[in-house]
Amino acid sequence: MRPLILKMSMSLDGLIGGPNGELDWIFRSMDATATEWNVDTLRNADLHVMGRRAFEGMSLHWPFSVEPFAAPMNEIPKMFFSTRPAEVADRAARALTHTDSLREPADKAPHAALESWTDARASNDLAGDIAALTSQPGKPILAHGGASFLQSLIALGLVDEYRLLIHPVALGNGPRLFPESVHSMELTLVEAHIFPSGATAQVYHPRRDRHP
């Protein structure tokens, strides 16, 4: 068995994005140690899973990035979930090819980085495939956004560990991590780190079985 870990940056009021999806608030409280914690989390997985919108956005960003997070995001296999997986995969492959063709040679993505996204697995069976994947041996599976995808994982009781980076900001309005429809949950704090920027890493395990 390998765990499904949900990794997410979150505001003090429980939001994972601004009113219009803004993410700039995350970077205002990222320092070297918080970045290192994030990179270590990314590298400790052997599969990254995400929803459709997150996959489309990340596939157009990480292959061309030189940020510390880019290497593990590009090197580790990906899987995304959508009601129309084949259509999304085809659209992403065409978008990546087009984007790369518009760049100067010095700014083009390495072939391996592009290939890791065009070769991403696709599924429309969230509960079935996550159950199958977590039953296999290996390193953790790491879940990224978007909000509806993460909320579905939580509602289905599929998350084994929450690795949350809590930023010292209250956003007031925006998408929430925990869906309003979710039943009351009890979590056990198993790890915590306070970074110089004021951000706090908090790691929790649910006090319940994998499947409700």
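Derivation of every value follows stated rules applied to the coordinates shown; laboratory data play no part. The structure displayed is predicted, hence computed values, not measured ones. All Cβ positions, even for glycine, are placed from backbone atoms using ideal geometry, and neighbour counts span all protein chains on display.
Per-structure values
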read-out	value
Sorted by Cβ neighbour density within 10 Å, fewest at the top, the residues D129, D24	D24, D129
Highest-MSF residue in the chain out of R103, R52, R121 [GNM, Cα springs under 10 Å]	R103
For the chain, calculated [θ]222 nm from helices alone, where every DSSP H run of n ≥ 4 adds -39500 (n - 2.57)	-10000 deg cm²/dmol
Gained length - N20 relative to K139, 0.36 nm times residue gap less alpha-carbon distance	39.4 nm
Most fluctuating residue given options L42, L153, L189, as computed from a GNM of the chain linking Cα atoms under 10 Å	L189
Cα-Cα P(r), region 4-196, percent of pairs per 10 Å interval	8, 34, 39, 17, 2, 0
Residue-by-residue Karplus 3J(HN,Hα) for region 146-155, coefficients 6.51, -1.76, 1.60, Hz, glycine and proline x	x, 4, 5, 5, 5, 5, 5, 4, 5, 4
Taking L47, L156 and counting other C-beta atoms within 10 Å, the order from fewest to most	L156, L47
Net charge dipole size for region 4-196 [Lys, Arg +1 and Asp, Glu -1 on Cβ; Debye, nearest 20]	320 debye
Region 4-196: antiparallel DSSP beta bridges as a percent of all, rounded to 5	5 percent
